[in-house]
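Enquirer: One structure follows; several queries about it will come next.
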Amino acid sequence: MSQPTAAPSRTAEIDAALAEHSSLPPEAIFKEDLLRGGVAFSEDALRIASGFKPKSYFIFSFDLTPIDQMEQAENLRAPEEMCLIGGPRGFRRTIVSVRVNPASPHRVELVEGRLTLMLEGESVCDVQLQEIPEYYRRSLENGQPVTQVAPTIEWGYLIYLTVYRKCQYFGFQEECRFCDINENFRQQVAAGRPYQTVKPIDQVLEALEIIASSDNHAKAYTVTGGSITRHLKGQQEADFYADYVRAIEERFPNRWIGKVVAQALPVEEARRFHDAGAQIYHPNYEVWDPRLFAELCPGKEAYVGRDEWIRRILDAAEIFRPSHVIPNFVAGIETALPHGFETIEAALDSTTEGLDFFMSRGITPRFTVWCPEPLSVLGKDQGPAPLAYHAGLLERYRDTLRHHGLAPPPGYGEAGIGNAVFSVSAFMDVL
Ligand code: SF4
């Protein structure tokens, strides 16, 4: 009988990915690894981090540990994002969203007075954190902190307005299997965070007034929230979200690039976002493969259906123009058990087919890196997609975009290593 082979260390896995994907910036490989598997913090690092811009839990948990298992209260002390820079590998500035995982081999520690990213005991690079913006210290008249109403991500580039904090796809039969929006709402409220189910429009405008008076870094806002399959406050989904965009554009005409993340709606309903002033529409398709779409997005499959979802994305391009319809997919769920592809190559081939389908029509999808959130169905008992998948996807994405002669999607700031700020995947870093 053969001896069990030890799992390769994370360092060995990263080194293998670096060697195999030498056309990618090394920073992007580390970024994907941090996003898929999370990062731990020493107590000293958390003490320092709590003086910088904090994680706001702007929609999902994006953590690999539930709050009630965070022994160092990371949910209150971890930063929103970190900037990887310098160190023995000479990293160029790379912005990474923080996904808390106290068991991660990536660990931010205080070394000789500097925040340092360590991997299995070796120094990787310095870690810089974002100063707390002036508007984060302010509250609305009713006492709601601006951080809760209008947090910013992407190093201050994007104002993230989750105006409806729940999703009407509810329970096992409907909720997307990778998503913890409803469970995260419950855990945040239990932990004392002042989450509101629906953010009133006047409060959103008041928070934006405060941001507008003291900030010129933010260049875009996103209006989003869960799907509305029935009614919310007496409105259907298109009208509910369009009202926020219209109110923002009336008060602050063209101050920021307006974006809406919503379901793929019938074309006349999607038009309402455009008419309200939104420039970019994100009708997220989550996963390309039809079988996996049905398995992983049972609510979307039942209410809309995958083929109709795709058709509506194409229809929306007639209104917004193709470059401004940017559907998201969740990179890595194609490999998740029990339904996922059995090989990395098969997962990449399927996802690339989807990229090719959209990009050949001038539509540029974008992706976030899946981290298995333990309060979601898929995240309960499995690890993330392999690093080799994520590295391969970055190459496939870059090459497909080039093949179709497309520019990086608008509304994400600058592309390129050292310049990109999009923090939940490295796709902008590698363009
Ligand atoms: S539609 Fe799916 S991914 Fe979006 S919030 Fe609802 S359950 Fe989550």
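The values are calculated or read from the model by the stated rules, or taken from the named source; none is laboratory data. For clarity, every value in this text was computed on a predicted model and none was experimentally measured. Please note: Cβ atoms are built from the backbone with ideal geometry, for glycine as well, and neighbour counts cover all protein chains shown.
Enquirer: What number of residues within segment 298-321 are within 13 Å of the ligand (Cβ to nearest atom) and of a type outside the set (A, V, I, L, M, F, W, C)?
Expert: So in segment 298-321, the residues within 13 Å of the ligand (Cβ to nearest atom) come out as 298-304, 309.
In the following step, the residues that additionally are of a type outside the set (A, V, I, L, M, F, W, C) were identified as 298-301, 303.
Here the count works out to 5.
Enquirer: Continuing with the same structure: Any idea which of E286, E295 is within 16 Å of the ligand (Cβ to nearest atom) and on the phi > 0 side of the Ramachandran plot?
Expert: Details: E295 fails: on the phi > 0 side of the Ramachandran plot.
Only one candidate qualifies: E286.
Enquirer: Next question, about the same structure. Return yes when I310 is under 25 Å from F60 (Cα atoms) and touching a strand residue (DSSP E or B) at 6+ places or on another chain (Cβ under 8 Å) and no when it is not.
Expert: no
Enquirer: Hey, S123 hits all of (1) assigned by TED's automatic domain parsing to the domain that holds K300; (2) surrounded by fewer than 19 Cβ atoms within 10 Å (Cβ to Cβ) but one; which does it fall short on?
Expert: Single failed check for S123: (1).
Enquirer: Which members of segment 145-164 meet the condition of being aliphatic (A, V, I, L, M) and either within 16 Å of the ligand (Cβ to nearest atom) or at positive phi (or both)? So that I can check it myself, show each step before the final result.
Expert: Our first condition is that a residue be aliphatic (A, V, I, L, M); within segment 145-164, this holds for 146, 149-150, 153, 158-159, 161, 163.
Answer for segment 145-164, where residues must be aliphatic (A, V, I, L, M) and either within 16 Å of the ligand (Cβ to nearest atom) or at positive phi (or both): L161, V163.
Enquirer: Hey, among D429, D381, D356, which residue is charged (D, E, K, R) and at pLDDT below 95?
Expert: Step by step, each of D429, D381, D356 is checked, and only D381 is charged (D, E, K, R) and at pLDDT below 95.
Enquirer: Then there is this: Go through segment 28-52 and count every residue that is assigned to a loop (DSSP other than H, G, I, E, B) and buried (at least 22 other Cβ atoms within 10 Å of the Cβ).
Expert: 1
Enquirer: Moving on. Just the residues that are within 16 Å of the ligand (Cβ to nearest atom) and either closer than 19 Å to T94 by Cβ or among the aromatic types (F, W, Y) (or both), please, taken from segment 28-72.
Expert: Taking segment 28-72 and keeping what is within 16 Å of the ligand (Cβ to nearest atom), we get 57-63.
Those that are within 16 Å of the ligand (Cβ to nearest atom) and either closer than 19 Å to T94 by Cβ or among the aromatic types (F, W, Y) (or both): Y57, F58, F60, F62.
Enquirer: Next up: Could you count how many residues in segment 410-423 are surrounded by fewer than 22 Cβ atoms within 10 Å (Cβ to Cβ) and either assigned to a helix (DSSP H, G or I) or on the phi < 0 side of the Ramachandran plot (or both)?
Expert: 5
Enquirer: Here is a follow-up. Does any residue of segment 206-228 turn out to be surrounded by fewer than 19 Cβ atoms within 10 Å (Cβ to Cβ), within 16 Å of the ligand (Cβ to nearest atom) and touching a residue at least 24 places away in the same chain (Cβ under 8 Å)?
Expert: Within segment 206-228, not a single residue is surrounded by fewer than 19 Cβ atoms within 10 Å (Cβ to Cβ), within 16 Å of the ligand (Cβ to nearest atom) and touching a residue at least 24 places away in the same chain (Cβ under 8 Å).
Enquirer: A further question follows. Mind checking whether some residue in segment 167-175 is at pLDDT 95 or above, in the same structural domain as V261 (by TED's automatic domain parsing), among the acidic types (D, E) and touching a strand residue (DSSP E or B) at 6+ places or on another chain (Cβ under 9 Å)?
Expert: There is no residue in segment 167-175 that is at pLDDT 95 or above, in the same structural domain as V261 (by TED's automatic domain parsing), among the acidic types (D, E) and touching a strand residue (DSSP E or B) at 6+ places or on another chain (Cβ under 9 Å).
Enquirer: If you check T94, T65, which single one turns out to be of a type in the set (S, T, Y) and crowded, with 24+ Cβ neighbours inside 10 Å?
Expert: Step by step, each of T94, T65 is checked, and only T94 is of a type in the set (S, T, Y) and crowded, with 24+ Cβ neighbours inside 10 Å.
Enquirer: Something else now. Based on what the data block shows, is L161 in a strand (DSSP E or B) and either of a type outside the set (S, T, N, Q) or surrounded by fewer than 22 Cβ atoms within 10 Å (Cβ to Cβ) (or both)?
Expert: Judged against the criteria, L161 is a match.
Enquirer: Could you tell me whether T162 is touching a residue at least 24 places away in the same chain (Cβ under 8 Å) and out of contact with any strand residue (DSSP E or B) (no Cβ under 8 Å at 6 or more places or on another chain)?
Expert: Criteria not met by T162.
Enquirer: State whether one or more residues within segment 374-384 are within 15 Å of L34 (Cα to Cα) and either touching a His at 6+ places or on another chain (Cβ under 9 Å) or buried (at least 23 other Cβ atoms within 10 Å of the Cβ) (or both).
Expert: yes
Enquirer: Any idea which residue in segment 347-364 is surrounded by the fewest Cβ atoms within 10 Å (Cβ to Cβ), counting only those that are among the hydrophobic types (A, V, I, L, M, F, W, C) and under 15 Å from V325 (Cα atoms)?
Expert: F357
Enquirer: Further question on the same structure: Report yes if L84 is outside the structural domain of L158 (by TED's automatic domain parsing), touching a residue at least 12 places away in the same chain (Cβ under 8 Å) and in a helix (DSSP H, G or I), otherwise no.
Expert: no
Enquirer: Still on this structure, please answer the following. Suppose we filter C167, C176 for residues that are of a type outside the set (F, W, Y), within 15 Å of the ligand (Cβ to nearest atom), in contact with a Ser or Thr (Cβ under 6 Å, 6 or more places away or on another chain) and not in a helix (DSSP H, G or I); which single one remains? Please lay out each step first, then the result.
Expert: Details: C176 fails: in contact with a Ser or Thr (Cβ under 6 Å, 6 or more places away or on another chain).
So the residue among C167, C176 that is of a type outside the set (F, W, Y), within 15 Å of the ligand (Cβ to nearest atom), in contact with a Ser or Thr (Cβ under 6 Å, 6 or more places away or on another chain) and not in a helix (DSSP H, G or I) is C167.
Enquirer: I need every pair where a residue in segment 263-276 that is assigned by TED's automatic domain parsing to the domain that holds H231 has its Cβ under 7 Å from the Cβ of a residue that is of a type in the set (G, A, S) and more than 16 Å from the ligand (Cβ to nearest atom), sequence separation at least 6 or different chains.
Expert: V267/A316; A270/A316; R272/A242; F273/A242; A276/A242
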